[in-house]
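Shown next, in structure tokens, is the structure this report addresses.
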Amino acid sequence: MHYITFGRRKLTTEAFEEIIQDFEFLETWEDRYGYIIDLGKSMPGLEKKFKTPATKVEGCASQVWFVMDFVPSDSGVVFYFKGDSDAIIVRGLIAILTRLFNGLTIEQVSKTDAHSELQKLDLRNHLSQQRSNGLVAMITKIKNVSAKVLESRAACAN
């Protein structure tokens, strides 16, 4: 996984930077919605066994499930997640979030200003209020679970 850096501040993953560049290339929001839908269609879904109340993301109008994984590495504990939804546009938003967060350490996840990064796509001005609220709920879930893992690792180190 490669990161785009400016000085000491990591901007985003290369995969998310590609989405930003693709959005800049697309001229209309109709094209951008199509792109988001294509991202959702190309993303593998979750198996039915993972679609449980424990993996459900609360606060979304659509059904959304996340399965998260934390993998130890030389650089720290690396965060990965997969998700699924019964709404294709939401699947696309999940695909965007995977490109924003997957491959980051849990420390980087906690420091990533997802709302600021997503503002580069101008999603907030083009999503319905329900979709925007769902996106916030998904980000909150990622941040909260990662923070708990970070806290438990700190507690174990003491």
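Please specify each residue of the range 144-158 satisfying the condition of being out of contact with any helix residue (DSSP H, G or I) (no Cβ under 7 Å at 6 or more places or on another chain), touching a residue at least 12 places away in the same chain (Cβ under 8 Å) and closer than 25 Å to Gln63 by Cβ. Break it down into steps so the answer makes sense when it comes.
First pass over the range 144-158, keeping only residues out of contact with any helix residue (DSSP H, G or I) (no Cβ under 7 Å at 6 or more places or on another chain): 144-145, 148, 151-158.
Those left that are additionally touching a residue at least 12 places away in the same chain (Cβ under 8 Å): 145, 153.
Answer for the range 144-158, where residues must be out of contact with any helix residue (DSSP H, G or I) (no Cβ under 7 Å at 6 or more places or on another chain), touching a residue at least 12 places away in the same chain (Cβ under 8 Å) and closer than 25 Å to Gln63 by Cβ: just Val145.
Among the numbered criteria (1) touching a residue at least 24 places away in the same chain (Cβ under 8 Å); (2) farther than 14 Å from Ser146 by Cα; (3) not small (Gly, Ala, Ser), which one does Thr52 miss?
Every condition holds for Thr52 apart from (1).
Taking the range 122-158, which residues are more than 18 Å from Met68 (Cβ to Cβ) and either part of a helix (DSSP H, G or I) or modelled with pLDDT of 95 or more (or both)?
The answer is Gln129, Gln130, Arg131, Ser132, Asn133, Ala154, Ala155, Cys156, Ala157.
Would you please name the residue that is modelled with the lowest pLDDT, looking only at residues in the range 60-97 that are outside any strand (DSSP E or B), surrounded by fewer than 21 Cβ atoms within 10 Å (Cβ to Cβ) and touching a Lys or Arg at 6+ places or on another chain (Cβ under 8 Å)?
Ala61
Out of everything in the range 98-136 that is under 11 Å from the mean Cα position of the chain (by Cα) and farther than 21 Å from Gln21 by Cβ, what residue ends up being surrounded by the fewest Cβ atoms within 10 Å (Cβ to Cβ)?
Of everything passing the filter in the range 98-136, Val136 is surrounded by the fewest Cβ atoms within 10 Å (Cβ to Cβ).
Yes/no per residue for (1) under 21 Å from Thr13 (Cα atoms); (2) among the hydroxyl-bearing types (Ser, Thr, Tyr):
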{"position": "Ala54", "(1), (2)": "no, no"}
{"position": "Ser73", "(1), (2)": "yes, yes"}
{"position": "Gly76", "(1), (2)": "yes, no"}
{"position": "Leu93", "(1), (2)": "yes, no"}
{"position": "Leu104", "(1), (2)": "yes, no"}
{"position": "Gln108", "(1), (2)": "yes, no"}
{"position": "Asp122", "(1), (2)": "yes, no"}
{"position": "Ala137", "(1), (2)": "no, no"}
{"position": "Lys141", "(1), (2)": "yes, no"}
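The values are calculated or read from the model by the stated rules, or taken from the named source; none is laboratory data. Small disclaimer: the values here were computed from a predicted structure and weren't measured. Here the Cβ is made from the backbone with ideal geometry for all residues, glycine too, and neighbour counts use every protein chain on show.
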